[in-house]
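Asker: Handing you this structure, nothing more for now.
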Amino acid sequence: MSVEQTSLQERLLGLVQRFRQRHILVIGDSIADQFIHGAISRVSREAPVFIIRHEQTDTVPGGAANCAMNLASLGARVSLVSVAGDDEAGRAMIEKLSSAGVDCSGLITSNAIRTTTKVRILAGQLHSSRQQVIRIDYEGQPLDDPEARARLRDSVREHSQTADAVVISDYNYGVADVDLATFARDAAVARKIPVLADSRFHLSNFAGFTSGTPNQDEVEQLLGKQFTELDQLEAESEELRSRLGYRALLVTRGSQGMMLLEDGAAPVHLDAVGAHEPVDVTGAGDTVIAAYTLALATGSSFRDAARLANYAGGLVVMKRGTASVTSEELRSSLLQSS
């Protein structure tokens with residue numbers, strides 16, 4: 001290993017070591033990711049479909065809640081501002097969050113809200129691995145209660161006063177609307193802390209943030225173009241970064257790694273870490289923005305933050321289901337790099 005590589009490794013390890021000193025505020029759409037496991041027993045006589053014998057059901061935090069879980073797993077102190085229904089899925093999700101040490105005092109629960117739930121059915125023969133065969137989505141209603149909206153705003157105001165960074169995790173279910181996101185952004189800017197956006201469809205609604213972490217598909221959908229040439233992707237993504245007023249834009253590209261666009265600097269391309277054939281990409285973007293945000297909260301450069309996010313993303317895609325990465329796993333991956 002060269003002196004330069006050793007210096008980089010030590011620098012990144014030092015950032016991970018300081019994760020535990022940071023408080024991160026996550027605002028956005030929490031989702032209950034439910035995984036139903038079963039064995040294929042026979043073909044139904046009622047229709048040409050398999051009958052699956054139920055084995056177990058696991059409910060884990062997804063969406064903004066998964067971002068919070070990853071931050072907690074990496075060692076940060078985390079506050080989550082979100083909503084959930086007072087239903088079985090919501091209670092299971094909150095129990096997992098609380099067990100992981102996430103502060104859920106800003107998470108509103110209500111009988112008038114249905115927890116957004118994504119049910120994945122994984123099935124296979126008795127002694128074979130389970131594969132996803134279908135997904136069923138139960139989507140929550142838009143949050144239109146003025147009192148609940150006021151409570152979310154109050155929670156953002158309270159928790160942003162001690163936060164070292166703020167993450168907006170928008171899955172298009174309405175929690176992080178323009179008003180709340182703007183309020184959170186202004187609170188973060190006033191305290192000169194990083195504020196980052198991860199939006200499935202509406203990144204253009206979150207202008208003036210420190211950075212964002214879209215994947216290439218999201219960039220293409222936002223711009224209404226598909227890119228076959230790398231230089232075209234670079235130019236259009238840089239134009240998007242400038243238009244949004246971001247200091248940096250981190251574009252994730254799956255097996256092709258990541259591309260970092262930073263104001264005043266040439267594009268940086270990071271090769272994917274680890275295996276190029278992922279086991280499961282569910283929730284990988286939540287892991288990426290968690291590691292990226294935590295690094296920036298410690299005072300990291302955008303480039304080093306992107307490198308850490310790249311390692312974290314490479315680890316989580318090798319896990320099945322909605323998963324998180326621990327600081328120990330991240331340190332181990334960094335130590336094994338050469």
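Asker: What number of residues within the stretch 194-205 are closer than 18 Å to L152 by Cα and assigned to a loop (DSSP other than H, G, I, E, B)?
Answerer: Number of matching residues: 0.
Asker: Quick check on this structure: which one of L126, L122 is closer than 30 Å to S41 by Cβ and touching a His at 6+ places or on another chain (Cβ under 7 Å)?
Answerer: Answer to the selection: L122.
Yes/no per residue for (1) among the acidic types (D, E); (2) modelled with pLDDT under 95:
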site	(1), (2)
R130	no, yes
D144	yes, yes
R153	no, no
L180	no, no
V195	no, no
G208	no, no
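Asker: Then there's this: Under the condition of being open to solvent by 20 Å² or more (accessible area, probe 1.4 Å) and farther than 26 Å from D58 by Cβ, which residue from the stretch 322-338 is modelled with the lowest pLDDT?
Answerer: S338
Yes or no, residue by residue, for (1) open to solvent by 60 Å² or more (accessible area, probe 1.4 Å); (2) more than 26 Å from F209 (Cα to Cα); (3) not hydrophobic (A, V, I, L, M, F, W, C):
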| residue | (1), (2), (3) |
| --- | --- |
| D263 | yes, no, yes |
| A284 | no, no, no |
| A295 | no, no, no |
| S300 | no, no, yes |
| R320 | yes, yes, yes |
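Asker: Something else about it: Quick one: Y246 ticks every box in (1) in contact with a helix residue (DSSP H, G or I) (Cβ under 7 Å, 6 or more places away or on another chain); (2) surrounded by 20 or more Cβ atoms within 10 Å (Cβ to Cβ); (3) not in a helix (DSSP H, G or I) except a single one, so which number is it?
Answerer: (1)
Asker: Please determine, by comparing only the residues of the stretch 217-236 that are more than 16 Å from G285 (Cβ to Cβ) and touching a helix residue (DSSP H, G or I) at 6+ places or on another chain (Cβ under 8 Å), which one is most open to solvent (accessible area, probe 1.4 Å).
Answerer: Within the stretch 217-236, the match that is most open to solvent (accessible area, probe 1.4 Å) is Q226.
Asker: Could you check Y173 against (1) at pLDDT below 95; (2) part of a loop (DSSP other than H, G, I, E, B); (3) surrounded by fewer than 18 Cβ atoms within 10 Å (Cβ to Cβ) and say which number it fails?
Answerer: The one condition Y173 does not meet is (3).
Asker: Looking only at the stretch 184-193, count every residue that is assigned to a helix (DSSP H, G or I) and either open to solvent by less than 40 Å² (accessible area, probe 1.4 Å) or at pLDDT below 95 (or both) and tell me the total.
Answerer: First, the residues of the stretch 184-193 that are assigned to a helix (DSSP H, G or I): 184-191.
This time we only want the ones that are either open to solvent by less than 40 Å² (accessible area, probe 1.4 Å) or at pLDDT below 95 (or both), so: 184, 187-188.
Total meeting the criteria: 3.
Asker: Hey, among L260, L308, L334, which residue is touching a residue at least 40 places away in the same chain (Cβ under 8 Å), assigned to a helix (DSSP H, G or I), aliphatic (A, V, I, L, M) and farther than 16 Å from N70 by Cβ? Even if it seems obvious, please write down each step before you answer.
Answerer: Details: L260 fails: assigned to a helix (DSSP H, G or I); L308 fails: farther than 16 Å from N70 by Cβ.
Matching residue, one of L260, L308, L334: L334.
Asker: Oh, and also: Which number in (1) more than 17 Å from A297 (Cβ to Cβ); (2) in contact with a Lys or Arg (Cβ under 9 Å, 6 or more places away or on another chain); (3) of a type in the set (V, I, T) marks the one condition that V83 misses?
Answerer: Failing condition for V83: (2).
Asker: Please specify each residue of the stretch 200-214 satisfying the condition of being touching a residue at least 40 places away in the same chain (Cβ under 8 Å) and surrounded by fewer than 20 Cβ atoms within 10 Å (Cβ to Cβ).
Answerer: Taking the stretch 200-214 as the starting set, the residues that turn out to be touching a residue at least 40 places away in the same chain (Cβ under 8 Å) are 203-204, 209-211, 213.
Once the filter is applied, which keeps residues that are touching a residue at least 40 places away in the same chain (Cβ under 8 Å) and surrounded by fewer than 20 Cβ atoms within 10 Å (Cβ to Cβ), the stretch 200-214 yields only S204.
Asker: Take the residues in the stretch 15-57 that are over 30 Å from V166 (Cβ atoms), of a type in the set (D, E, K, R) and not in a strand (DSSP E or B); name whichever of them is least open to solvent (accessible area, probe 1.4 Å).
Answerer: Here the answer is E46.
The values are calculated or read from the model by the stated rules, or taken from the named source; none is laboratory data. All figures in this text were calculated on a predicted structure; none of them were measured in a lab. Note: ideal-geometry Cβ built from the backbone for every residue, glycine included; neighbour counts use all protein chains shown. Remember, those area values only see protein heavy atoms, side chains included, never the ligands or the DNA or RNA. Shrake-Rupley method; radii C 1.70, N 1.55, O 1.52, S 1.80 Å.
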